[in-house]
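To start, the structure itself, in structure tokens.
The values are calculated or read from the model by the stated rules, or taken from the named source; none is laboratory data. From a predicted model like this one, the values you see are computed outputs, not experimental measurements. Glycine also receives a Cβ, built like all others from the backbone with ideal geometry; neighbour counts cover every protein chain displayed. Areas reflect the complete protein model, heavy atoms only, side chains present, ligands, DNA and RNA absent. Shrake-Rupley method; radii C 1.70, N 1.55, O 1.52, S 1.80 Å.
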Amino acid sequence: MSISTSLEIPERILLGPGPSMVHPRVLRAMGQPVLGHLDPQFLALMSEIQRQLRSVFETKNEMTIPVSGTGSAAMECALSNFIEPGDSVIICVNGYFGTRMCDMAARYGASVRRLDRRWGDVFSFDEIEAELHQGGPAKLVALVHAETSTGALQPIEGLSEIVHRYGAFLLIDCVTSLGGVPVKVDEWDVDIAYSGTQKCLGAPPGLGPVTVGPRALEVLRNRKVPVGNWYLDLTLLDRYWGDARTYHHTAPISMNYALYEALQIVREEGLEARFARHRRHAEMLWQGLEEMDLAMHVPLKHRLPMLTTVRIPEGINDAALRARLLKEYNIEIAGGFGELVGKIWRMGLMGYSSRPENVTLLLGALKDLLSR
Ligand SMILES: *Cc1c(COP(=O)(O)O)cnc(C)c1O
């Protein structure tokens, strides 16, 4: 007779750059029976998820779907569908995720024009316009709205007018921003935006919401060569998520339950209240950190509320402190990477993690560990 042990996972306090903590309602939703991917009940759920996603993206875009896979799958979907071999694309890099976009775009045959900025800085519209003006036509301009690797919030409002004037379209990474700060796809006239479920939406990692506006849709329809990625080809996915409802791949059913429930929670809270909550708890954290004489990496003006980057004080062992934080306080935060490795800690207050008791606990734990 074999002895089986059922899975026992400790309950961590996730205050890093994601995944964030998952609301108990979302976890319960995931435990519901699995339906077939063409079951009428599931199809109705899909329509409701799309409706709610449009409302968090603040868009009327018909093509708004959660692609199967994490935020990186959504990134790959956004790039692979709109890049044809030889296309010239401008990618703004001020952190790790901009670098990842460059890597992906190059793999789909784009000629990448990479603009670089120090990690933690944001781009001015003037420098983007200068590249469009001097570097010749580009198909798209891509930016990361909330750079989780640095803690900086890139202003987007007003940029589309410039990008469109040069015949390019605007693509933004909203993996960390969606559900935590305003993402106004229609008002800002963003052509393509994508996100992930495990940051401010408060669901586990596993789906990547993508929204595509009419201008980009037209480009997609007029492609000369098929999309280089079968799994993420929006023209194929549209037959499942659109009216035809034909099989493409088996939707991750339970993850869609999770997203549905997470979006209900967003709706009940209200977008404005949710943004204010993220802001309020971030300010509480910043104040506490500053009282401990810790320095912020990003100036207040461009600082993310859902992800705080703080400089590691001189003489403190980064990895050892984070290990003790986890072991003694059950709290996860993250270190820096790329050019910020060993220089900063990244503290996330995203979605269900953004609660005052978590801020109090983190500040108390840090105070204790830093004073020893
Ligand atoms: C987390 C993140 C991603 C990647 O998402 P995964 O779910 O890890 O694949 C992309 N962009 C940004 C800004 C992120 O924070």
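The calculated pair-distance distribution of the range 246-372 uses every alpha carbon pair, bins of 5 angstrom beginning at 0, and gives 2, 9, 17, 20, 16, 12, 9, 7, 4, 2, 1, 0, 0 percent. Evaluated over the Cα positions of the range 143-284, the convex hull gives a direction-averaged projected area, one quarter of its surface, of 10.3 nm². Taking Phe42, Phe275, Phe169 as the candidate residues, the one with maximal mean-square fluctuation in a Gaussian network model of the chain, Cα springs under 10 Å, is Phe42. For the cross-link pairs Lys199/Lys224; Lys139/Lys184; Lys184/Lys367; Lys199/Lys301; Lys327/Lys367, the ones whose C-alpha atoms lie over 27 Å apart are Lys199/Lys224; Lys184/Lys367.
Share of carbon and sulfur in the accessible area of the chain stands at 54%, probe radius 1.4 Å. For the chain, set up a Gaussian network in which alpha carbons nearer than 10 Å are linked by springs, and say which option among Pro305, Pro155, Pro19 fluctuates the most. Greatest mean-square fluctuation among the candidates belongs to Pro155.
Proximity of backbone amide H atoms, modeled 1.01 Å from N, is registered between Arg114 and Ile91 at under 5 Å, excluding neighbours fewer than 5 places apart on the same chain. Between Leu369 and Arg223, what is the FRET efficiency for a Förster distance of 45 Å, r being their Cβ-Cβ separation, to the nearest 0.05? For Leu369 and Arg223, the calculated efficiency is 0.25.
Each residue of the range 167-174 was assigned a 3J(HN,Hα) from its phi angle through the Karplus expression (A = 6.51, B = -1.76, C = 1.60, θ = phi - 60°), giving x, 9, 10, 9, 10, 10, 8, 10 Hz with x at Gly and Pro. Candidate membrane-span-like segments in the chain, meaning DSSP H helices with Cα atoms spread over at least 18 Å of their own axis and a Kyte-Doolittle mean of 0.0 or above, are 40-57, 253-269, 356-371, with no membrane implied.
What does DSSP give for the range 24-267 in terms of the percent of beta bridges that are antiparallel, rounded to the nearest 5? Walk me through the numbers before you get to the answer.
On the way: 11 of 30 bridges.
Around 35 percent antiparallel, to the nearest 5.
Database remark: amide H of Asp173 closer than 5 angstrom to the amide H of Leu143, Val144, His145 (H placed geometrically; neighbours at sequence offset of 5 or more, or on other chains; Pro and chain starts carry no H). Note on the range 62-80 and the range 268-331: Cα centroid distance 29 Å, given to the nearest whole angstrom. Computed over neighbours whose Cβ is under 10 Å from that of Phe97, the net charge equals -1, Lys and Arg +1, Asp and Glu -1. Our note on the geometry: Cα centres of the range 15-35 and the range 128-146, 37 Å apart.
Estimated from helices alone, the mean residue ellipticity of the chain at 222 nm is -12500 deg cm²/dmol (sum of -39500 (n - 2.57) over DSSP H runs with n ≥ 4, per residue). Kirkwood radius, the chain, all distinct C-alpha pairs, inverse of mean reciprocal distance: 21.3 Å. Considering only Glu161, Glu261, Glu328, give the residue with the highest GNM mean-square fluctuation for the chain, with springs between Cα atoms whenever their separation is below 10 Å. Answer for the Gaussian network model of the chain: Glu328. Using a probe of 1.4 angstrom and keeping all protein chains present, the accessible surface of the range 203-341 works out to 48 square angstrom per residue.
Distance between the 7 Å Cα→Cβ label points at Arg12 and Arg114: 3.0 nm. Close amide H pairs (under 5 Å, H built 1.01 Å from N) link Leu140 with Ile90, Phe169, residues at least 5 positions away or on another chain.
Rounded to the nearest 0.05, the FRET efficiency derived from the C-beta distance between Lys327 and Arg279 at R0 = 35 Å is 0.65.
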